[in-house]
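> Input: one structure, supplied below.
The values are calculated or read from the model by the stated rules, or taken from the named source; none is laboratory data. Being a predicted model, the structure only gives us computed values, none of them experimental. Cβ placement follows ideal geometry from the backbone for every residue including glycine, while neighbour counts extend to all protein chains displayed.
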Amino acid sequence: MLKWAQTALSRRSLLGGGIATLGATSICSVNAAAQQAHSGDHGAAASAMKGGDSAPAHHSAHGAMITVGNVDNERNGFHPTQMLTDWYTGSLSELPDGRKLRSFEITVEEKEIEIAPGVMFPAWTYNGRVPGPALRATEGERLSIKLINNGSHPHSLHFHGIHAARMDGVPGAGVIGPGEEFVYEFDAKPFGCHLYHCHALPLARHIHKGMYGLFVIDPDPTRHPDHIEVAKSRLLGSPENARWQEMAMVMNAFDTNFDGENEFYACNTVAHCYAKEPIKVAKGRPVRIYLVNLVEFDPINSFHLHANFFDYYDQGTTLTPTLKTVDLITQCQAQRGIIEFTFEEHEPGLYMFHAHQSEFAELGWMGMFDVVETLS
Ligand SMILES: [Cu+2]
């Protein structure tokens, strides 16, 4: 047997026997169970999804196609649903020259987190969460980000943005030892959907341990007269922005036995979190996803939306789409972009989204939008 096939089988076996033989059919069956939940039979479908008593064990282990049980979000100290809209906007002040200064503080902390029911991972975190806080600023502001290293290894913050070499967060320029602090300062530019991650060595290991997050710079509408309405809609806190349902999504994965291959995949850390707790979406309001791929050890990841198509802004640095009317995009490591779509013309229901690498979906990277008439 080919080595990759053996590996794939052994990785799949983590989720219970037989999954590999069922393949895509099984993904459909969770959708059927979920739709049943939406039509009113909450108990049966909920227990089917959890592998509960009302579903035969054999059926649930194979048919549900997702992890069994629930992660203790409280013990983790972060909740995947809350992380979707939990933007860290820092604190604002004014510089002597009248410019705005936006300040953030990030602390490195070593912490065991539960990434799938009963599966603990010894993470290195920014502010106690994986992914780290989703930083959000506005184009043209001065940014000041203080990093405090409470870990036992050297770490840094390396921003994908425009800044001086000494602010780059690489060895010799902002990688700091345990107990040390460093302040990264630069201007918020260019606008877009960016990221930050640790750039201490070995790089793959530091990133994979959980040291990454979104870094979104909203466009300043006054600088973009040709696309002012789009720019306003992207500016967090503006009336134009308020109608959008915005979400922060970080695609990540975990190599739980440290052999250089991932055992679990996810969007926002917890395997199948949005399959078990579908994301509520009001059908009359547009959806905007800030998406970044931070999966190590696999060269590529993807985002596929069911029953709908979307526009895509690669890296978020343009105000017109770089791809129009697609239902799948791929992202290399550190690639990111903005996804926009609406369910306005759809009937309410559960609409799936997932990586289209079937193995990633089976091992955790699959979720649901719960499209409703209005949000309660
Ligand atoms: Cu690090």
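> Quick one: THR222 ticks every box in (1) crowded, with 16+ Cβ neighbours inside 10 Å; (2) closer than 25 Å to GLU246 by Cα except a single one, so which number is it?
It fails just one condition, (1).
> Looking at this structure, is HIS227 of a type outside the set (A, V, I, L, M), at pLDDT 95 or above and under 19 Å from ILE300 (Cα atoms)?
no
> In segment 335-376, which residues are part of a loop (DSSP other than H, G, I, E, B), in contact with a strand residue (DSSP E or B) (Cβ under 6 Å, 6 or more places away or on another chain) and more than 17 Å from HIS304 (Cβ to Cβ)?
Of everything in segment 335-376, those that are part of a loop (DSSP other than H, G, I, E, B), in contact with a strand residue (DSSP E or B) (Cβ under 6 Å, 6 or more places away or on another chain) and more than 17 Å from HIS304 (Cβ to Cβ) turn out to be PRO348, THR374, LEU375.
> Tell me whether segment 264-275 contains one or more residues that are more than 16 Å from the ligand (Cβ to nearest atom), over 16 Å from the mean Cα position of the chain (by Cα) and crowded, with 16+ Cβ neighbours inside 10 Å.
No - not one qualifying residue is present in segment 264-275.
> If you go through segment 235-250, how many residues are part of a helix (DSSP H, G or I) and touching a residue at least 60 places away in the same chain (Cβ under 8 Å)?
Here is the first cut: in segment 235-250, the ones part of a helix (DSSP H, G or I) are 239-242.
After this cut, where a residue has to be touching a residue at least 60 places away in the same chain (Cβ under 8 Å) as well, the list is none.
Final tally of qualifying residues: 0.
> In segment 188-200, what count of residues is obtained for those that are touching a helix residue (DSSP H, G or I) at 6+ places or on another chain (Cβ under 9 Å) and within 16 Å of the ligand (Cβ to nearest atom)?
Total meeting the criteria: 4.
> Next question. Looking at (1) more than 30 Å from ILE228 (Cβ to Cβ); (2) out of contact with any helix residue (DSSP H, G or I) (no Cβ under 8 Å at 6 or more places or on another chain); (3) of a type in the set (A, V, I, L, M), which one does ALA266 not meet, given that it meets all the others?
For ALA266, the exception is condition (2).
> State which residue is farthest from GLY169 (Cα to Cα) when the search covers only segment 122-146 and only residues that are touching a residue at least 60 places away in the same chain (Cβ under 8 Å) and surrounded by fewer than 20 Cβ atoms within 10 Å (Cβ to Cβ).
Applying the filter and picking the extreme gives PRO122.
> On to the next question. Give the number of residues within segment 284-332 that are surrounded by fewer than 20 Cβ atoms within 10 Å (Cβ to Cβ), assigned to a loop (DSSP other than H, G, I, E, B) and out of contact with any helix residue (DSSP H, G or I) (no Cβ under 6 Å at 6 or more places or on another chain).
The total comes to 17.
> Among the residues of segment 297-314, are any under 30 Å from GLU229 (Cβ atoms) and among the acidic types (Asp, Glu)?
yes
> Then there's this: Can you tell me which residue is farthest from the ligand (Cβ to nearest atom) among those in segment 105-138 that are within 26 Å of ASP72 (Cβ to Cβ) and basic (Lys, Arg)?
ARG129
> Also: From the list MET167, MET247, MET251, pick out the single residue that is away from the ligand (no atom under 13 Å from the Cβ), crowded, with 16+ Cβ neighbours inside 10 Å and more than 21 Å from MET83 (Cα to Cα).
Details: MET247 fails: more than 21 Å from MET83 (Cα to Cα); MET251 fails: more than 21 Å from MET83 (Cα to Cα).
Exactly one of MET167, MET247, MET251 is away from the ligand (no atom under 13 Å from the Cβ), crowded, with 16+ Cβ neighbours inside 10 Å and more than 21 Å from MET83 (Cα to Cα), namely MET167.
> Can you tell which of GLU185, GLU180, GLU141 is among the acidic types (Asp, Glu) and within 14 Å of the ligand (Cβ to nearest atom)?
That would be GLU180, the only listed residue that is among the acidic types (Asp, Glu) and within 14 Å of the ligand (Cβ to nearest atom).
> When segment 286-306 is examined, which residues are found to be under 12 Å from THR330 (Cα atoms) and of a type in the set (Phe, Trp, Tyr)?
PHE303 - this is the single residue of segment 286-306 that is under 12 Å from THR330 (Cα atoms) and of a type in the set (Phe, Trp, Tyr).
> Return the residues of segment 84-113 that are surrounded by 13 or more Cβ atoms within 10 Å (Cβ to Cβ) and in a loop (DSSP other than H, G, I, E, B); say none if nothing qualifies.
The answer is LEU84, ASP86, THR89, GLY90.
> Just give me the residues in segment 343-358 being crowded, with 17+ Cβ neighbours inside 10 Å and out of contact with any Ser or Thr (no Cβ under 8 Å at 6 or more places or on another chain), in sequence order. Give the derivation first.
Within segment 343-358, the first condition is being crowded, with 17+ Cβ neighbours inside 10 Å, and the residues that meet it are 343, 349-355, 357.
Residues satisfying the conditions are PHE343, GLY349, LEU350, TYR351, MET352, PHE353, HIS354.
> Ok, one more. Within segment 148-161, track down each residue that is more than 10 Å from the ligand (Cβ to nearest atom) and either surrounded by 24 or more Cβ atoms within 10 Å (Cβ to Cβ) or of a type in the set (Val, Ile, Thr) (or both).
ILE148
> Only residues that are in a strand (DSSP E or B) and farther than 16 Å from HIS158 by Cα: list them for segment 114-136, please.
If the condition is that a residue be in a strand (DSSP E or B) and farther than 16 Å from HIS158 by Cα, then GLU114, ILE115, ALA116, VAL119, MET120, PHE121, PRO122, ALA123, ARG129 are the ones that fit.
> Which numbered condition in (1) more than 18 Å from the chain's Cα centre (by Cα); (2) free of Cβ contacts under 8 Å to residues at least 60 places away in the same chain; (3) closer than 30 Å to PRO299 by Cα; (4) surrounded by 15 or more Cβ atoms within 10 Å (Cβ to Cβ) is the only one that GLU261 fails?
Single failed check for GLU261: (2).
> Same structure again: I'd like to check which strands (runs of 3 or more DSSP E) are fully inside segment 160-234 and have at least 2 residues that are out of contact with any Lys or Arg (no Cβ under 6 Å at 6 or more places or on another chain) and over 25 Å from ALA123 (Cβ atoms).
181-187
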